[in-house]
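**Student:** Sharing a structure below in structure tokens format, with a few things to ask.
The values are calculated or read from the model by the stated rules, or taken from the named source; none is laboratory data. Just so it is clear, the structure is predicted and the values come from calculations on it, not from any experiment. No Cβ is skipped: glycine too gets one built from the backbone with ideal geometry, and neighbour counts run over all protein chains shown. Just the protein is used for accessible areas: all its heavy atoms, side chains included, with ligands, DNA and RNA removed. Shrake-Rupley method; radii C 1.70, N 1.55, O 1.52, S 1.80 Å.
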Amino acid sequence: MNTIPCVELQSDSADAMNGLIQTTQTTCPYCGVGCGVSATVQQTASGQKVTVTGDREHPANYGRLCIKGSNLADTLGLDTRLLEPMLGRGDLRQNTTWEHVTEHIAAQFQQCIDRYGRESIAFYVSGQLLTEDYYVVNKLVKGYLGTANIDTNSRLCMSSAVAAHKRSFGEDLVPASYTDFEHTDLVVLVGSNTAWCHPVLYQRIMQAKTERDLKVIVIDPRFTATCEQADLHLPILPGQDVTLFNGLLQYLHQQGHHDHAFVSAHTENLDAALVASQTESDITLVAEQTGISLEKLQQFYQLFAATDKVMTLFSMGVNQSSQGVNKANAIINCHLLTGKIGKIGAAPFSMTGQPNAMGGREVGGLANMLAAHLELDQALHQNIVQDFWQSPRIATQAGLKAVDLFQAVESGQIKAIWIMATNPVVSLPDADQVRRALEKCDFVVVSDICQNTDTTAFADVLLPALGWGEKDGTVTNSERRISRQRAFLGAPGQSQADWWAICQVARKMGFSGFDFENAHQIFQEHAALSAYQNSEASQCDPKKAFRYFNLSGLVGISKTDYDQLQPVQWPVLKPLNDLNLQQSERLFTQGQYSHASTKAKFVATSVVAPVHATSTEYPLILNTGRIRDQWHTMTRTGLSAQLTTHRAEPYCEIHPQDALTYGVKEHGLVELQSRWGTCVLRVQLSEGVRRGQIFAPIHWSDQFASDARIGKVVNPVVDAISGEPEFKHTPVMIEPFYTQWQGVLFIRDGMQHLIQAGLKQITWWTTLKMTQVHRYEIAGRNKLEQVLHDLKTFLPFEDASYEWMSLNDASMHMSHHIVLKDGILIASLYIAPIEMLPDRDWVAQLFKRERLSALHRKALLAGMPMSMANHDGPLVCSCFKVGKNKIIETIKTQKITHEKQVTACLKAGGNCGSCLPEIRGLIKQCQQEAEV
Ligand code: SF4
């Protein structure tokens, strides 16, 4: 069972409903695994108490949740919420009404169209939107505004897979299901730290590995948590995936591992793929170019060839590249040659990053797609969509993709933009370019749940959106499974569904076709469009528009059935009953693809050098990615004290030898520089990072750190076909970031706003929420005396009711301060050499005490715990709140050799399993220490 976090929400009617408990089945809003969640709301005297557990019936997770999903309830508070529509930038911003603001948007858009034409308007939306929101905004933009200038942040994570699927299969679809992981004999994970980024899928794979002889191979430049239990790790050089899989294609061809019957009956274009990969026919050269040892390469090729049931799972390491589409096609080619597709336990499988990236694809959320898997550049398809919508016009040419779109905003080509549920000033490459673009843009609308993000700062109009738990609709996960995301909380303030806001503006622009009253009506229309002029009988007819994406079985679905909809994979061809919920588990079982020929196509994939190579000025390659406990730009996960401590600061990993070369030290601050920008991060030395490379997470924004938006540094080069940016390959330089002093400041929850103005005086800072306290890591180039003076000015603690205790030792460069009020700890500040700063978790724990004893005060002022026995150390297992020191002590005293023994003793690792790689690391560390 989960240890379940709770949140108290205020409700006017709470007292009247005291004790009432209601459980709702919904879906996690984070990654593309799409786990089912049970949310229980209990009315209490003080408000609503929400608990979240895994939905045991949901086929994506069968009750499992990772640490992010387990702590969803922590993110439901209203502290950071935008609750009213607002008009105006900066100091001019003020509350307004929906009526007025939607009229204003409609008028501004119309004015833009009249003056500058339809292409002067753009929308930038998100894989966080529900399918119903996505459907309506696409309808407005492509069918009524008549432009395709709508792109989504899904462009940044899976558009390369979309393009590859379309080239190989004729349609964007993932042919297999999660159940295939339980039947396969070999899982190849390419460019994916699955253990951290798709944790529940990783657990399913690891569970299967314990039950049967399943081999796991990980292909990744880094040795990540995912590699720990793999049978083989191939530490590939960045950007060499096409070389590796072209080499595999050649190997399979040379060694006679074709499935001849499959290839001749169901594929075409093999010769072109073989010619294009000819240069990779020498395995020795492939080993050299990929940086993988010949022995490991042979092992991988042999295992792939000898195993019938192979699943190749790929993710951001493949997609986020200037060769992303070719990388994905090179993988698919190997499956086609060997017929390892359309069978139980055999398929290439793209893992989507976002909760509804797939739903966005279904409704044509990308600038180069129409709704319902129809093509923007085909007259037949344009006619189908326009005819169905009865819309005044239809977009006929692809719109601007994300990176180009914001460049067009900066150049003035785009005059008005509406951004929904995303934070491009943080997440796009060359992120300062996005900031410049929005600064200059005539009219910026932002719909969000948060009032203050790096992007909302530039909004002329802010629209309060519904958040998770408040909105209602559907999402589709990586295995094509449509699940309901259901509301279990009321709408706070004036917040509204995104589809509703879009409909209001559309109506005010004079458009019919936007009279939807709820998400159910939108879903009905979406299902009907998917089935419109789409029949299996037309699959071979180029004059028809067959597509696998078809929800004909859900056309006309009643409101009751929609509300009760069970998770179901598309295509849904028959009205649903319990028996056919699994009807679409696997596609291509008959070898029928969506190309007019019904055959799959081999794609010629050539190796291309990266656009920006390393140089003396920028000698290292920056690779960016996610960490275990955070999601995107931390607007939600940053609110949970359980999720902030695993990686508390913005950091980068570098190999110890490179650290020596560039003169940077473990835990020191460094400046990372590229042609596009700089940021300042904390160093972590890691043998898991290859020489010549640096890894940095993507999550920190200006709300959480002074200078850690890694997007500023990232190369804006994109894949020529998909437009997906190259987040994994930016030439950079690293150098120490010297400061005169560093320290840590703690301030009690609810008082953190006092420090905001003071932070501007500090050279470098980062913040995180811990239980009942906010922590600020700080460092400065300015004079410490000045900083202390400034902090005292900003904090109202000079008031006589505050007790301010200080301990200064100039010879040791130490300055410690604690502030109490009525015996309660309010703040503490430590300035000292880095190795002498106190243990952060220990200090934070003291803020949980009602009163501090004299001994505690003494210890706190000294910055040293009285006894390590009182201190569990930094949290490793968030589910059961077990710290590092406690685990180490247990490993040593119990002579533990396996993680299961740790779980048996402390429960740690026994729920979501996200911390198991760390527990294994601690066991290894203790064993190594014992050997010395
Ligand atoms: Fe949510 Fe974690 Fe499941 Fe992803 S794996 S959907 S983040 S619970």
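**Student:** Only residues that are among the hydrophobic types (A, V, I, L, M, F, W, C) and either touching a His at 6+ places or on another chain (Cβ under 6 Å) or open to solvent by less than 20 Å² (accessible area, probe 1.4 Å) (or both): list them for region 366-387, please.
**Tutor:** Answer for region 366-387, where residues must be among the hydrophobic types (A, V, I, L, M, F, W, C) and either touching a His at 6+ places or on another chain (Cβ under 6 Å) or open to solvent by less than 20 Å² (accessible area, probe 1.4 Å) (or both): Leu366, Ala367, Met369, Leu370, Ala371, Ala372, Leu374, Leu376, Ile384, Val385.
**Student:** Looking at (1) over 19 Å from Phe602 (Cα atoms); (2) touching a Leu at 6+ places or on another chain (Cβ under 8 Å), which one does Pro238 not meet, given that it meets all the others?
**Tutor:** All conditions pass for Pro238, except number (2).
**Student:** Where residues in region 55-69 are more than 7 Å from the ligand (Cβ to nearest atom) and open to solvent by 10 Å² or more (accessible area, probe 1.4 Å), which of them is nearest to Arg486 (Cα to Cα)?
**Tutor:** Asp55
**Student:** Have a look at Cys905, Cys879, Cys926 and point out the one that is under 23 Å from Leu768 (Cβ atoms) and either at pLDDT 85 or above or touching a Ser or Thr at 6+ places or on another chain (Cβ under 9 Å) (or both).
**Tutor:** Result of the check over Cys905, Cys879, Cys926: Cys879.
**Student:** Do you know which of the residues in region 717-742 that are open to solvent by less than 10 Å² (accessible area, probe 1.4 Å) and β-branched (Val, Ile, Thr) is nearest to Pro238 (Cα to Cα)?
**Tutor:** That would be Thr730.
**Student:** Go through (1) basic (Lys, Arg); (2) within 27 Å of Lys760 (Cβ to Cβ); (3) under 38 Å from the mean Cα position of the chain (by Cα) for Arg849 and report which single condition fails.
**Tutor:** Here Arg849 meets the rest and fails (2).
**Student:** Something else about it: Here is a check on your reading of the model: is Lys215 open to solvent by 10 Å² or more (accessible area, probe 1.4 Å), in contact with an Asp or Glu (Cβ under 6 Å, 6 or more places away or on another chain) and not aliphatic (A, V, I, L, M)?
**Tutor:** yes
**Student:** Does Ser160 satisfy the criteria of being modelled with pLDDT under 95, under 26 Å from Asp241 (Cβ atoms), buried (at least 24 other Cβ atoms within 10 Å of the Cβ) and out of contact with any strand residue (DSSP E or B) (no Cβ under 7 Å at 6 or more places or on another chain)?
**Tutor:** Considered against the rule, which asks whether it is modelled with pLDDT under 95, under 26 Å from Asp241 (Cβ atoms), buried (at least 24 other Cβ atoms within 10 Å of the Cβ) and out of contact with any strand residue (DSSP E or B) (no Cβ under 7 Å at 6 or more places or on another chain), Ser160 comes out as no.
**Student:** Now a separate question. Would you list the helices (runs of 4 or more DSSP H) that sit entirely within region 461-567 and hold 1 or more residues that are touching a Leu at 6+ places or on another chain (Cβ under 7 Å)?
**Tutor:** Filter on region 461-567 gives 498-508, 519-531.
**Student:** Could you please give the count of residues in region 36-53 that are open to solvent by 10 Å² or more (accessible area, probe 1.4 Å) and within 24 Å of Cys915 (Cα to Cα)?
**Tutor:** 3
**Student:** Continuing with this model, one more query. Considering only residues that are out of contact with any Leu (no Cβ under 9 Å at 6 or more places or on another chain) and closer than 18 Å to Ala330 by Cβ, which ones fall in region 171-204?
**Tutor:** Matches in region 171-204: Asp172, Gly191.
**Student:** Taking region 70-83, which residues are at pLDDT 95 or above and either near the ligand (Cβ under 10 Å from one of its atoms) or surrounded by fewer than 19 Cβ atoms within 10 Å (Cβ to Cβ) (or both)?
**Tutor:** Arg81, Leu83
**Student:** Also, I was wondering about something else. Quick one: which of Leu807, Leu745, Leu788, Leu754 is surrounded by 19 or more Cβ atoms within 10 Å (Cβ to Cβ) and either over 35 Å from the mean Cα position of the chain (by Cα) or not in a loop (DSSP other than H, G, I, E, B) (or both)?
**Tutor:** Just one listed residue meets the conditions, Leu745.
**Student:** Among the residues that make up region 719-728, is at least one of them β-branched (Val, Ile, Thr), more than 22 Å from Arg840 (Cβ to Cβ), at pLDDT 95 or above and assigned to a loop (DSSP other than H, G, I, E, B)?
**Tutor:** yes
**Student:** Looking at Leu820, Leu855, Leu922, which is the one that is open to solvent by less than 60 Å² (accessible area, probe 1.4 Å) and in a helix (DSSP H, G or I)?
**Tutor:** When all the criteria are applied, what remains is Leu922.
**Student:** Of everything in region 134-167, what is outside any helix (DSSP H, G or I) and over 16 Å from Lys327 (Cβ atoms)? Give them in sequence order.
**Tutor:** Result: Gly146, Thr147, Ala148, Asn149, Ile150, Asp151, Thr152.
**Student:** Let me ask something additional. If Thr96 satisfies every condition in (1) surrounded by fewer than 23 Cβ atoms within 10 Å (Cβ to Cβ); (2) within 16 Å of the ligand (Cβ to nearest atom) but one, which is the exception?
**Tutor:** All conditions are met except number (2).
**Student:** Among the aromatic types (Phe, Trp, Tyr) and surrounded by fewer than 23 Cβ atoms within 10 Å (Cβ to Cβ): does that describe Phe245?
**Tutor:** No.
**Student:** Which number in (1) assigned to a helix (DSSP H, G or I); (2) free of Cβ contacts under 8 Å to residues at least 60 places away in the same chain marks the one condition that Ala273 misses?
**Tutor:** The number of the failed condition is (2).
**Student:** Given (1) more than 30 Å from Ala372 (Cβ to Cβ); (2) within 16 Å of the ligand (Cβ to nearest atom); (3) within 20 Å of the chain's Cα centre (by Cα); (4) surrounded by 22 or more Cβ atoms within 10 Å (Cβ to Cβ), where does Ile205 come up short, assuming only one miss?
**Tutor:** The single condition Ile205 does not satisfy is (3).
**Student:** While we're looking at this one, here's another question. If we only count helices (runs of 4 or more DSSP H) wholly inside region 314-380, which ones have 1 or more residues that are in contact with a Lys or Arg (Cβ under 7 Å, 6 or more places away or on another chain) and under 30 Å from Gln533 (Cβ atoms)?
**Tutor:** 324-338, 357-362
**Student:** Which one of these is at pLDDT 95 or above, under 26 Å from the mean Cα position of the chain (by Cα), in a loop (DSSP other than H, G, I, E, B) and among the aliphatic types (A, V, I, L, M): Leu405, Leu400?
**Tutor:** Leu400
**Student:** Can you tell me which residues in region 786-835 are modelled with pLDDT of 85 or more and in contact with a Gly (Cβ under 9 Å, 6 or more places away or on another chain)?
**Tutor:** Within region 786-835, Glu803, Leu807, Met814, Ser815, His816, Ser828, Leu829, Tyr830, Ile831, Ala832, Ile834 meet the criteria.
**Student:** Return the pairs, sorted by first residue and then second, in which the second residue is more than 7 Å from the ligand (Cβ to nearest atom), the first residue lies in region 30-41 and is among the charged types (D, E, K, R), the beta carbons are less than 6 Å apart, and the residues are 6+ apart or on different chains.
**Tutor:** That search, which allows pairs on different chains as well, returns nothing.
**Student:** Follow-up question, since we're still on this one. Output the qualifying pairs, or none if there are none: Cβ atoms under 7 angstrom, residues six or more apart or on different chains, first residue in region 252-266 and closer than 24 Å to Ser597 by Cα, second residue basic (Lys, Arg) and open to solvent by 50 Å² or more (accessible area, probe 1.4 Å).
**Tutor:** Close Cβ pairs satisfying both conditions: His266/Lys599.
**Student:** Taking Ile896 as the residue in question, decide whether it is surrounded by 20 or more Cβ atoms within 10 Å (Cβ to Cβ), in contact with a helix residue (DSSP H, G or I) (Cβ under 7 Å, 6 or more places away or on another chain) and more than 19 Å from Arg64 (Cβ to Cβ).
**Tutor:** So Ile896 fits the description; yes.
**Student:** Name every residue in region 767-784 that is open to solvent by less than 20 Å² (accessible area, probe 1.4 Å) and either basic (Lys, Arg) or touching a Pro at 6+ places or on another chain (Cβ under 8 Å) (or both), in order of residue number.
**Tutor:** Result: Arg775, single match.
**Student:** Moving to a separate point now. Restricting to region 840-876, name every residue that is acidic (Asp, Glu) and at pLDDT 85 or above.
**Tutor:** Asp841
**Student:** So which of Gln255, Gln250 is more than 34 Å from the chain's Cα centre (by Cα) and open to solvent by 10 Å² or more (accessible area, probe 1.4 Å)?
**Tutor:** Checking each option against the conditions leaves just Gln255.
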